[in-house]
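J.: Input: one structure, supplied below.
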Amino acid sequence: MRVRFPPYLAHLAAYGWTSTWRIRRLREDRAEQARALTASGSVVGIFWHQSLLMAAAAHHHRKVAALTSRSHDGGIMSAHLNRIGIRTVRGSSRSGATQAARELMRAIEDGWMIATACDGPTGPIFVPKSGPLEIARRHRVPVVPMGFAALGHWDIPYAWDRFRLPWPGTRVSVVYGEPIMYPPEEPDAAELQRRVAEVTERLWELEREAGGGRRGAGG
């Protein structure tokens, strides 16, 4: 039987652990450049699902809204994010899509960074979904890829995303990539695939930079 932790206890555990990390932000000027490209200042930030906890720790109380699923696990993550000042937009193409679309529009109009693990919520690992890129195109906001690394971390056994849990007290680095602004026209299948391949390579480049030249697991 699967053990389900109450959201508040999960938050206390996550916050107690992540608050010991020393966060280092590199090339943050790129994120600011991206915000300057649109009137609202909103951007779509993307990263690998295995870096979810690091992404949250690096962006609490920084006007970030996260896309989360409506599953039980998504509810636990949403409760933690809300308590550290990250707005959540819950829903997917299969559940709560209409409400999520409205909340997403409000967050973009209010100038929030829309952060999402682009190969989530269920994989396959290191294969970006086109959804975040299309959100950026349709709403005319730039995409900002992000790479993460920790000086020391554990890989969670059997996790589909090879989830990375940095050691207590370690240094966690995030590197922001150059903003990508897509034209408003809807791309054909070949162009969309090219864009997915482009962000995949950019994400790996940023992972290497965050890790001081080391390529991330699975890359």
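Computed from the coordinates by the stated procedures, all read-outs in this text should not be read as laboratory data. As the structure is a computational prediction, the values presented were derived from the model and not from experiment. Because the Cβ atoms are built from the backbone with ideal geometry, glycine has one as well, and the counts that use them run over all protein chains shown.
J.: Please state the shape class of the range 115-183: rounded when a/c is under 1.5, otherwise prolate if a/b exceeds b/c and oblate if not, all from the C-alpha gyration tensor. If you can, show how the numbers build up before the last one.
T.: Details: a/c = 3.85, a/b = 1.64, b/c = 2.35.
Oblate.
J.: Using Cβ counts within 10 Å as a stand-in for footprinting exposure, how do Tyr176, Tyr15, Tyr158 rank, fewest first?
T.: Tyr158, Tyr15, Tyr176
J.: Right, another one. Quote the FRET efficiency, to the nearest 0.05, computed for Ala189 versus Ser71 with a Förster distance R0 of 30 Å and r equal to the Cβ-Cβ distance.
T.: Computed FRET efficiency for Ala189 and Ser71: 0.55.
J.: Something else now. Can you give me the span-like helices of the chain, meaning DSSP H runs with 15 Å or more of Cα extent along the axis and Kyte-Doolittle mean at or above -0.5?
T.: TM-like helix candidates: 7-18, 97-109.
J.: Additional query: Please get the size of the charge dipole for the range 143-219, origin at its Cα centre, with Cβ charges of +1 on Lys and Arg and -1 on Asp and Glu, quoted in debye to the nearest 20.
T.: Its charge dipole is roughly 560 debye.
J.: Choose one answer from Phe148, Phe163, Phe47: the residue with the largest mean-square fluctuation in a GNM of the chain with alpha-carbon springs under 10 Å.
T.: Answer for the Gaussian network model of the chain: Phe163.
J.: For the charge dipole of the range 109-187, defined by +1 on Lys and Arg C-beta atoms and -1 on Asp and Glu C-beta atoms about the Cα centroid, which residue among Ala136, Ala115, Ile180 has the Cα displaced farthest towards the positive pole?
T.: Final value for the positive-end residue is Ala115.
J.: Right, here's the next one. Considering only Arg102, Arg208, Arg35, give the residue with the highest GNM mean-square fluctuation for the chain, with springs between Cα atoms whenever their separation is below 10 Å.
T.: Arg102
J.: To the nearest Å, what is the center-to-center distance of the range 108-139 and the range 40-87, using C-alpha atoms only?
T.: 12 Å
J.: Over the C-alpha atoms of the chain, what are the Rg and the largest Cα-to-Cα span, Dmax, in Å?
T.: Final numbers for Rg and Dmax: 16.4, 50 Å.
J.: Which one of Ala13, Ala65, Ala57 has the biggest mean-square fluctuation once the chain is modelled by GNM with Cα springs under 10 Å?
T.: Highest fluctuation among the options: Ala13.
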